[in-house]
1. Using the C-alpha atoms of segment 21-112, what convex hull volume per residue, in cubic angstrom, is computed?
2. Too long at a 31 Å Cα-Cα cut-off: which of 43/90; 44/66; 30/90; 43/66; 66/90?
3. Got a sec to turn the phi values of segment 30-44 into Karplus ³J(HN,Hα) couplings, 6.51 cos²θ - 1.76 cosθ + 1.60 with θ = phi - 60°, whole Hz, x for Gly and Pro?
Amino acid sequence: MNKHSETLREEEHVEHKKLGKDRYNKQMKKLQIELAHLQAWVKKSGSRVIILFEGRDAAGKGGMIKRITERVSPRVFRVIALPSPSDREKSQIFMQRYIQHFPAAGEIVIFDRSWYNRAGVERVMGFCSEKTTRRFLELTPLF
């Protein structure tokens, strides 16, 4: 990589960080219009859509989900943010706890955190055993 490329990368990174409020709001408006189109298509076609948000605490997931859903119908868009699993839920097949929240025809469900983190985040952080991770990875493709 030459010096010019490095400078360009740094400038792009800085520009991204300095996204002004006016530019941010303009971009959000465009995205919210697209979400309205998605909402209309999902309703008309009877499709089912799942959107997954994953990230560390305080990464901005909740704020972004709030912005996404502020101009769409709560009859079409649902946000699911499950608490820690109960003892009963811990004994179930991992996906079981999420199935009841999957979208019906004409719905979009946003998961704030998601069912797929067992194989990555939970294993790395020591929240589940290697055996549990292996079982999850075997069941998920079948599911």
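1. Spelled out: Cα convex hull of segment 21-112, divided by residues, is 98 Å³.
2. Violating the 31 Å limit, Cα to Cα: 43/90; 30/90.
3. My calculation for segment 30-44 gives 4, 5, 5, 5, 4, 5, 5, 5, 4, 4, 5, 5, 4, 4, 5 Hz in order.
Each reported figure results from applying straightforward, stated rules to the coordinates on display, with no laboratory input. In this text, all values refer to a predicted model and were calculated from it rather than measured experimentally.
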